[in-house]
Structure formats: structure tokens, C-alpha cells
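Here's the structure we're looking at; comments come further down.
What follows draws every value from the coordinates through simple rules; no lab data is involved. This one's a predicted model, so the numbers in the text were calculated from it and none came from an experiment. FYI the Cβ positions are ideal-geometry reconstructions off the backbone, even for glycines, and counts take in every protein chain you see.
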Amino acid sequence: MAEERRGAWFGFGFCGFGQALGSGRGRQVHSPEPLRAPGAGLDVCRVSASWSYTAFVTRGGGRVELSGFAVGAAGGCRDAWASEELLVVLRAGPGPGAGTELQAWAPGSALRGEPLWAQTVPEAEREDGPVGDETQAGPLPLLPCARAYVSPRPPFYRPLAPTLRARRLELGAEHALLLDAAGQVFSWGGGRHGQLGHGTLEAEPEPRLLQALQGLTMTEVAAGGWHSLCVSEAGDIYIWGWNESGQLALPTKSLAEDGKTTAEASGLNEDGSEVKTVAGGEDGAPAPFIAVQPFPALLDLPLGSDAVKASCGSRHTAVVTRTGELYTWGWGGSGDWL
């Protein structure tokens, strides 16, 4: 598993439970604040944030620290993945030569007692490339063998088809995105908000290639509550799914209406996007907005900036550019975006 580059970690948004390490409880962090680790020399290398708590993994001894509604700590951890239903950790197995063990815990367990479920997982397979090759498995919920992934609901361990050489996997509220070694994107799960990107609102039981992105090499994928995003090797952003709070950075109802709305109509554009019109604009003309975007849409950042990293929350989106700029948009009622 590739080591994350060293650097300072910052947190912002709703912090009512103390989700940002060392920031305190019961407040909203409206601008990025550095994480203040309680232990001397605590060097955070990986962060996994859920709504009510956050899991921090440190270098060296591989310690996981929980902050927020769920608290606790444990050693010998290689990775952690936090969700409201489940906390998953990869730990050294019990005893010498025991390999790596995948453990699923209830978030409120404080990592004490016995896990809900545990399974030994194989080490990453290296026949397709040298150790450290970035085409190997990424962080959880993708497992080190790159042939399975973690689900927050039983069965916790879910295999992938042998033909899928997974590089990264992201889980939304009802759907999953997979980036393969060739830079192609697959999606499956619930699709009622267009989050799968196949042009329909239908569910897909198995991973399906996004035909609209074929021929483009992607380097990053991100899944939100009901929207999705990917970044190409050229730094272009493609985004699709639900736009209820402007999380797609496309025209949305909350911006189109002026409080005098009396009627609305809906339809589909030629590209498959759902468009609604709201009556009651200042000039009497309908104001269009996009509620659902079922196909990937190209999104331009200001000043023609190139994206390199992306993350999606439930109803907001964040992107980091090659020059280190951070752009955020979508729902910001809890200070989730700047």
C-alpha cells in the first residue's frame, strides 16, 4: 500500500462532536484549521472521515485514533475506514506470521473487546508490477489483494470479478465507483439520482463501464452521497449525479428561484440531463436548473486550473489543483465548504 506524502492535515466543517482532532466540540469550523494531535509526535498519515467521527492512522507504530462521537485507539493498524454503520481496520494478525487481518467494529465500541467480524486477507499481488506500483490497490475500502472490497453492510467482504484490476474504489450512500489499472471507471449500485453516470436512473447490480468516458484515462474517482466525480490525467473534472445543493457546480434550484416560485416543469436535454424550469423570475422568463445529471459533465475550474485530487461529501465537493489550490462547492450549512 503506497505511503501518503507527508504534510500538514487541516479540518473544517461541522465539528459538533469534535470530529477534527484537537479542535474541540460543539462548534463549526468555517475555515481550515490544522489538526492538533493530543500525543507528542503523533504523525498522521491517513484520514477517513464519517459524519459523526473521524479515524486517524499514524506512521511508525500504525496507531488508529478515533475522534468525535466515536472515540478510542488501537495499535498495529495499517489502514482504517470510517462509516456511520461500521469502522473497518487493517491490522497485523494475532501471532507471528499471521499476515494481515481485516476487522469490522461497531463505531461505538472504542475498539475494545472483540470485533463484529474478522478475516485474514492476502497481501497485495505483485505479478503485474513492482512493489510500490501505483496500479496496485489503494486505501480501504479496496483491500490489499485488489480482488475484494469492504462493504458497510453484510457481507462485509465482497469479491470483485477477476477481470477487474482495481486501483481505487469509493463508496457513496447507495453506489460504488471503481478505477481500474487502465484508468477506466466502473460504477454499480443504486442509480435513482443519476449517480452511476450511465444516462439512466436505474440500478446496476454489477460493475458497469462508463461508456461516456471510454478513451479517457482517469487518475482519481470520488463518490458522494448521491453524486460522483472523476479526474483525468490531463486534470479535467467530470461530474454527475444529484445536484440538489449545487454539489455538481451546475445551476441548481436554490439559486434559480427567488422566493416567488409558483410553478415548475421538468424534461431531459439531448445529453440526458434533467432540466427543470422555475416560473417567477424577475423578467418573467423561466430560470433553468439541473436537478439530476445522469451523464458525466465536463467541469471547468476558474483560471483553467488542473485538478489532481478530489473528494465528495454527502452534498458537497472539494478539489485540489496541481498548484495546491483548494476549491469547494455545494451544501455549506455546517461550514463543510469555504
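Results, tabulated for the structure shown:
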| item | result |
| --- | --- |
| Segment ASP236-SER109, length gained on full extension (0.36 nm per residue, minus Cα span) | 41.6 nm |
| Sorted by Cβ neighbour density within 10 Å, fewest at the top, the residues TYR238, TYR327 | TYR327, TYR238 |
| Net charge of Cβ neighbours under 11 Å - reference SER151; Lys, Arg +1; Asp, Glu -1 | +1 |
| Where GluC sites (Glu not before Pro) fall in DSSP loop in region 183-244, at most 13 other Cβ within 10 Å | GLU202, GLU233 |
| Gain in span if fully extended, LEU326 to ARG153, counting 0.36 nm per residue against the direct Cα distance | 59.0 nm |
| Extension gain from GLN211 to ARG59, taking 0.36 nm per residue of separation minus the Cα-Cα distance | 50.8 nm |
| FRET E, pair TRP117, LEU303, Förster distance 56 Å, beta-carbon r, rounded to 0.05 | 0.70 |
| Spin-label model distance (nm) - SER31 vs GLU202, 7 Å beyond Cα toward Cβ | 5.0 nm |
| J(HN,Hα) series, region 216-232, from Karplus relation 6.51 cos²θ - 1.76 cosθ + 1.60, nearest Hz, glycine and proline x | 10, 8, 9, 10, 8, 10, 8, 10, x, x, 9, 9, 9, 8, 9, 10, 7 |
| Between region 63-113 and region 147-202, the Cα center-to-center distance that results, in Å | 23 Å |
